[in-house]
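Everything on this sheet refers to the single structure shown next.
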């Protein structure tokens with residue numbers, strides 16, 4: 001079997017950033033998959049499930065309600081390796097195109113107070129596994145260390 005695209009990236013060189021993972025045709029449209037890498041793979045601790053779960057709920061809620069990207073959002077969810085998230089948007093995008101959207105989303109998560117949307121037994125299959133304070137911390141870290149002053153090294157996969 002051939003390796004899937006995400007397994008062909010050199011994770012030893014990969015920095016936290018916003019990367020186009022792949023583009024797939026879907027009828028007349030293109031689906032762009034983004035790799036939102038929040039931690040440096042194999043170099044720093046991965047995120048725990050509780051904070052990732054809170055980021056997932058908040059990020060998905062933000063994206064689905066966004067006035068421009070809400071109807072273009074196909075999926076937002078965690079990577080199994082717990083180093084980041086995947087975002088799938090309908091449209092042919094480059095990494096730089098979504099930096100304002102990601103900045104807005106992670107500021108929303110950083111500043112969020114109150115009950116995490118969908119964090120109850122009726123709405124979620126594992127609602128007790130949420131850590132909003134750590135989700136806010138990680139959002140702030142991603143904003144400060146990646147999004148606010150992003151450069152080409154964090155927008156294009158390493159060779």
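The values are calculated or read from the model by the stated rules, or taken from the named source; none is laboratory data. Note that this is a predicted model, so its numbers are computed, not measured. Neighbour counts are summed over all protein chains in view; Cβ atoms, including those assigned to glycine, are modelled from backbone coordinates with ideal geometry.
Structural remarks
- For region 1-27, the tally of residues that are more than 26 Å from residue 149 (Cβ to Cβ), at pLDDT 95 or above and either under 14 Å from the mean Cα position of the chain (by Cα) or assigned to a loop (DSSP other than H, G, I, E, B) (or both) stands at 1.
- Contacts under 8 angstrom Cβ, first residue in region 3-24 being free of Cβ contacts under 8 Å to residues at least 40 places away in the same chain and at negative phi, partner surrounded by 14 or more Cβ atoms within 10 Å (Cβ to Cβ) and part of a loop (DSSP other than H, G, I, E, B), 6 or more apart: 11/41; 12/41
- Residue check, residue 56 in contact (Cβ under 8 Å) with a residue 12 or more places away in the chain, under 18 Å from residue 145 (Cβ atoms) and surrounded by fewer than 21 Cβ atoms within 10 Å (Cβ to Cβ): no
- Considering the conditions (1) at negative phi; (2) surrounded by fewer than 16 Cβ atoms within 10 Å (Cβ to Cβ), residue 27 is excluded by exactly one of them, (1).
- Near pairs, Cβ below 8 angstrom, 6+ apart or cross-chain, from region 100-127 (touching a residue at least 60 places away in the same chain (Cβ under 8 Å) and at positive phi) to any residue that is outside any loop (DSSP other than H, G, I, E, B) and surrounded by 15 or more Cβ atoms within 10 Å (Cβ to Cβ): 118/57; 118/61
- Residue that is farthest from the chain's Cα centre (by Cα) [pool: residues in region 122-144 that are exposed (fewer than 15 other Cβ atoms within 10 Å of the Cβ) and more than 16 Å from residue 50 (Cβ to Cβ)]: 122
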